[in-house]
1. Tell me which residues come under 5 Å, amide H to amide H, from GLU352 once H is placed; ignore anything under 5 positions away on its chain.
2. Tell me, what ³J(HN,Hα) does each residue in the stretch 149-163 have, in order and in whole Hz, if you take phi through Karplus 6.51 cos²θ - 1.76 cosθ + 1.60 with θ = phi - 60° and put x for Gly and Pro?
3. Obtain the nm distance between the two label points defined at LYS290 and VAL506 by a simple spin-label model: each point lies 7 Å from its Cα along the Cα-to-C-beta direction.
4. Counting only residues 5 or more places away or on other chains, whose amide H sits under 5 Å from the amide H of ALA106 once H atoms are built in the peptide plane?
5. Near the amide H of SER185, under 5 Å away, which other amide H atoms are found, from residues 5 or more places off or on another chain, if H is placed in the peptide plane?
6. If you stretched the chain out fully between THR118 and LYS605, how much longer would it get, using 0.36 nm times the residue separation minus the C-alpha to C-alpha distance?
7. What FRET efficiency would be calculated for the residue pair GLN570, ASN516, taking the C-beta separation as r and a Förster radius of 35 Å, to the nearest 0.05?
8. Students often forget the sequence filter, so: which lysines lie under 19 Å Cα-Cα from LYS316 once same-chain residues fewer than 8 apart are removed?
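Read-outs: derived from the displayed coordinates by stated rules, not from any lab. The structure displayed is predicted, hence computed values, not measured ones. Positions of Cβ are generated from backbone atoms using ideal geometry, with glycine treated the same way; all protein chains shown enter the neighbour counts.
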Amino acid sequence: MRKIGFIVCFLMIALALNAQDDISFKVICNRQVVVGEQFQVTYELDGDGSNFTAPNFNNFEKIGGPMSSSSSSIQIINGSVSKLEKHSYSFYLRAIKEGKFTIPAATITVNNKKIKSTTMDIEVVSDTRSVSGGGGNNSVGNATANSKDVFLEAVLNKKSAYIGEQITLTYKIYYTLPISQLSISKAPSYSGFWTKDVTDNNGTIQQSSIIRDNKEYHVATIQEMVLIPQKAGNLTIDPLGISCVAQVKNENRQSHAYDPFDNFFGDIMGTSYTNVKKDIKSQPIEIEIKALPTKDKPDSFMGAVGQFTFTSNIDKTEMKSNDAFTVIYTVSGKGNIELLDILRPVFPHDFEVYDPKVTTNTKNNSYGISGTKKAEYVVIPRAAGDFEIKPTEFSYFDPAKGRYVTLKSDSYSMHIDRSTNKGYTGTGDEYTEGRESVTRIGKDIHHIMPAGRLGKDGSLLFASSLYFIIVALMIIIFAITLVSYRKINKFNQNQVLVRNKKATKVAKKRLQNAYNYLKTKDQNHFYEEFSQALWGYISDKLNIARSQLSMDTVKEMMTNKNVPEDIINQFIELLNSCEFARFAPGDPGKKMEELYGKGVEVISKAEKNLH
């Protein structure tokens, strides 16, 4: 027993003496990175220390850290006992500007003595230059996701199109690492395009696998958009920016003596991973938009582009005057159906025609927008006789054929009998012959009464007390109306003020619609209304054109309005959450409730600071 005690004491003393030798404290990172790249900086201590103090990374954006880790091992070689103990403190930084900089030293206390780490020179280059690996074999725990591990790609279904022709734009994310917390950091403005989000994933991202460049990737569709160009020329679609968190494997590339204990426990415990925030963006895309040809352009062309059919339907062709009938004109097909107009049909002059009721039903998917648009007319014939409703033309441009197509509706022969309703008191003209068939036109015109005895009936109103009271009231009402008119006219002339005043009212209406969809758990309509409430409110409140809306412009304009930074950050975060909340994991109903509550709160705060 005494021998065992002696051996234990000897080992403890030997370990303590060896632990004090060769204390090193160094910084490890890549020596060259590109602007915008995220990279890891690790301060590694060979030994035991405390009170770690991080430096100020003035020339970089700090994303996360410090994250500490430690390891220890014992080596016995030829009777010599040594203890290897390591402590590391990792930071995740983003390079924000080009140039040569120095990673500053950190401090730590070892054996009651404060020591400094080494420093390292680092070069930040533009993304057009090649980047060397840097750091050599001394990198340890270098957990970064490079551009080949996670990237975003924008895919168009065509590179050239006509004005009004549908274009499908799909954003796909490719990744070899586990990713989470996807959020849109910057949405394109799509200047020059009418857009519609046709993403259909029911709140979950559909994933698949693909081999690309001899490497297996998981791929998921983030967003699908239908773009309809509104002007000719070479138009550019700006990149879509996305933030995510990638789970990166920590790799130890430092060469040191073989340690069987470290290898053994490393195999059993498994490889460690680090969550790294990564910002990625799609490539900008240029697309050629061609003007519609002017040759052979029909007079009935109203801007429809695609492939369509045109039909009409009438509920009856025989009736009596003053009875109503309905005729419906229907356009069906695939194209810019939400933007097209139907040429107004020409009815006989003796027909009273009411404004049409126009309804649009569309089906949206990755193949584009298709559906129907109906114009329903209610018509009342005021005269008897035989009439004809002539065919109505509908013209569209077919991009596949490169020419205009004109379709015609049916013509209808109408037989109208004289109405037997003598009690008709409509305000329109009644087309009949002779006094015997006219009972009354309007309320103020009657047939001339036969001559009879005329005489004074009561007192005259003129110059009476009631007369002067009525005149005075009319003058007062006229003055009030004139002042109100001038005030309203002045108010309407200031469009900025009009939009500002209506912003809150419109936002409340859209939030109410979103709440109704929340109760029915209709995710797609909820997120669409909620997004329109946020973007519409800030567009009207800050007088920003919809085509110029982006996260950056919103942040810049709110800053110029002296809105507190915390409210600006909350609003931007809410916009991001709204764009991608449907793709986040968790209970859909709970996500919608939380998002709705935040939206009401943030808009209320913004309203107090935006005047």
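1. Amide H to amide H, under 5 Å and 5 or more residues apart or across chains, GLU352 pairs with ILE380, ARG382.
2. Each residue's phi maps through the Karplus curve to give 7, 9, 8, 10, 10, 9, 10, 9, 7, 7, 9, 9, 7, 8, 4 Hz.
3. Inter-label distance under the simple model: 3.6 nm.
4. SER117
5. Amide H to amide H, under 5 Å and 5 or more residues apart or across chains, SER185 pairs with GLY241, ILE242, SER243.
6. So the extension gain works out to 170.6 nm.
7. 0.90
8. LYS357, LYS374, LYS390
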